[in-house]
1. Identify all residues within the range 48-60 that are surrounded by 12 or more Cβ atoms within 10 Å (Cβ to Cβ) and either farther than 15 Å from Val22 by Cα or under 9 Å from the mean Cα position of the chain (by Cα) (or both); write none if there are none.
2. Do any residues in the range 30-48 that are over 14 Å from Ile64 (Cα atoms) have Cβ atoms under 9 Å from those of residues that are open to solvent by 50 Å² or more (accessible area, probe 1.4 Å) and among the polar types (S, T, N, Q), where the two are at least six apart or on different chains, and which pairs are they?
3. Being in contact with a helix residue (DSSP H, G or I) (Cβ under 9 Å, 6 or more places away or on another chain), in a loop (DSSP other than H, G, I, E, B) and at pLDDT 95 or above is the filter here; which residues of the range 1-40 pass it?
Amino acid sequence: MPSRRSLVVAKPRDEMLTIPQVIEEIGVPRATFYRWRQCKKGPKAIKLPNGAVRIRRSEFERWIATLEEAA
């Protein structure tokens, strides 16, 4: 009989993107992206204790989907 531990399925990790990765993917200037963030029009971000900013892949994709709906 398999143990309970062997039945646990690992969840894939939600990739954490850097701002340069996001900018490259959407193809906008860095200043534009930061303006969107300032106006609360960009994807939700996480500020790490060291000051670095990361955006979850799932949040980025959700944000892109909302832009598609608005177009």
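The values are calculated or read from the model by the stated rules, or taken from the named source; none is laboratory data. As the structure is a prediction and not an experimental result, all values here were calculated from the model. Backbone-built Cβ (ideal geometry, glycine too); neighbour counts: all protein chains shown. For accessibility, only protein heavy atoms count, side chains too; no ligands or nucleic acids. Shrake-Rupley method; radii C 1.70, N 1.55, O 1.52, S 1.80 Å.
1. Arg54, Ile55, Arg56, Arg57, Glu59, Phe60
2. none
3. Correct list: Val28, Pro29.
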